[in-house]
Amino acid sequence: MKDTGLHHRGEQDEEEEELWPPAPTKIDSLPLTPSEYQRYGRQMILPGFGGLPAQLILKRSRVLVVGAGGLGCPAVQYLALGGVGHITVVDHDVVERSNLARQCLHTEKRIGMSKAESIRVAVEALNPHVTLAPITQQFTASNALPLVSSHDLVLDCTDNPLTRYLINDAAVLCGKAVVSGAAQGLEGQLVVLHRELYDINGAGSSGRGPCYRCLFPVAPRPQDVTDCSEGGVLGTITGLVGTLQANETIKLLLEGLHRSADGNGEGSPSPPTPTMLLASPMSVASSTLFRSIKLRPRRTDCRVCGDETALTAKGLRRISSLEEEDYISFCGLATLPPTGPGTEVEDYERRARTSVQDLTNLPRRPRLVVDVRTEEEWSIIRLPRGVNTISECRATALRAKQRGSKQADKEELSLSLSTRHVPVLCKRGNDSKMAVAALEQLLRFVDITGGLTAWSKQVDPGFPMY
C-alpha cells in the first residue's frame, strides 16, 4: 500500500486528542498571580535576569532597610516595584517639610507621620503584592541582632557613623551582607560590605570581603561629620544612590541562582572583587562622573570580622555582644565638657550667650549682626545689617580695635546689652558659638542661642527657614 504520509489513529493518539485543548489553568496552582505575571513580565523576559525562578526568589526574600530618608525612599521604592516580598523599614524619625525635596515616598499630607509608617502607606499604593513592615523605633544594640538575623541582607541608608558601625557589627555577627550608601552635597558612594566572595574557578566561597570597620577602624570625630541639614544634599544624588542600592540588593539576592547556571552562560556573574563606587554626577569631567576603586581585603585584626590569632597578638578583644560595646564613646560622642554652676562652660554661656528674645528687646536695632552661615545660606534669607563671612567679621573687629578711642566708631560695631557686644548667629546656634570663642579676643561678641531657627519660631513666624 502506498504511504500517504498519514497514519491511522491508534489508542495513543486518542488519548492525546482527549488532552487537547488542555484544561483551564487553575490560578491557585500558579506560583504567581496573573497580576504579578503582568506586573513583572518586562523584567522576567530579560536575558540574564533569571526568568520566573528569579522572580520567585525575590518574592520569598526578606530585606531590612535601616533609614527611611533620602536613600531609604528610592531604595524601598524599587525593591517594592521589583517584587521583593518582604521589606522591613526601621526609622524613629517623623516626616518634615524639609524632607520632601529628596525623600520621594513622603508627601505633604503625611508631615508629622512616622517615616516608616509613611513608607508603608506609599508601598501599599505602589505594589499590593509585597509586605512592608514599619519599625518606628530606633535601631539600637538591643534590637539589632533580632532584626538583622531575620532578614536575608541589610541596606544601610543612614547618615550617622554610630548607626553605621552598629549595622555593620550586627550584620557580621549574623553573617549577612550590608549594601551601604552615602550621599553628601553633590557626591555619593556605594559599597557592599561583608559580601561573600567566590573562587574564580567555581570552587565555592573564598571568604568574605571587608566590613565597615575594616575600611574605617577609627570613627570620625563628631566635629568632622556634617549631616544634610548643615551641609546640604541634592535630591537627585540621594535618588541615584538609593536606586543603586536597590539594584545591588537584587543582584545579591539572585547571586545564588546565577552561580548555579552555566559559568559561560549569559548573565553569569564574574567573581566579585570588593570595590566602592564613587558618584559625582554634577562633575563637568565625564571621567569622574562614576569611579570604581578597589578596596583593600578584610583586615585580619578587625575587631568584628578579624582572625582570633591576629586580635590576640595585638591585645584586641573581639566584639561578641553589641550591648556590651560602647558605641557612644567609640564615636567620640561622650566627651562633652562638664556643665553647671562654677564650670567653665557655665561661665562662658553666662557671659557670651543670649537669646533671640533678648535681641528683640533691645532699645534700638543693632548696627551690626554677624551671620556665620555659608554664603549660600546667607543668600537665601538673612536679617538686616548682617555681615556674613568670618574674614569680614575679623577685619571689621580689627578696624574697631585700632580706632577704639573714637566712641562713634565703637557704636558702629557695638550693641547695647549690659556691656557692649556684637550679636553672632547662624542657623541653629552651633557654629555661632564656636565663632564667638574664636573672635572674642578681638571684640566683645555674644552668641544668639538657637540662631535663625529660634528667631523664626519665637520672634517672626513668617521668617522662612530651610
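List of remarks:
- Computed from the alpha carbon positions, the gyration tensor of segment 96-164 leads to an equivalent ellipsoid with semi-axes of 23, 17, 11 Å, biggest first.
- Rounded to the nearest 20 debye, dipole of segment 137-201 from Cβ charges on Lys, Arg, Asp, Glu: 120 debye
- A Förster distance of 45 Å, applied to the separation of the beta-carbon atoms of SER321 and TRP20, puts the FRET efficiency at 0.10.
- Top positive-direction residue, dipole computed over segment 81-235 with Cβ charges, set VAL148, PRO161, LEU186: VAL148
- Sorting the segments 369-382, 109-122, 31-44 by their residues' average number of neighbouring beta-carbon atoms within 10 angstrom, most packed first, yields 109-122, 369-382, 31-44.
- Stretch gain in nm, segment THR33-HIS92, where the contour uses 0.36 nm per residue and the Cα spacing is subtracted: 17.8 nm
- Peptide packing for 150-159, 19-28 was compared via the average number of neighbouring C-beta atoms within 10 Å per residue; ordered from the highest value, the list is 150-159, 19-28.
- ASN430/GLU124 FRET efficiency (R0 30 Å; Cβ-Cβ; nearest 0.05): 0.15
- Placing dummy labels 7 Å off each Cα toward the beta-carbon, the span from GLU308 to SER379 is 6.0 nm.
- Given their separation in residues at 0.36 nm each and the Cα-Cα distance between them, GLN458 and GLN189 gain 93.0 nm when the chain is fully extended.
Every number here is computed from the coordinates shown, using simple stated rules; none is lab data. Predicted model only: the values in this text are computed from it and were never measured. Cβ atoms come from the backbone with ideal geometry, glycine included; neighbour counts cover every protein chain shown.
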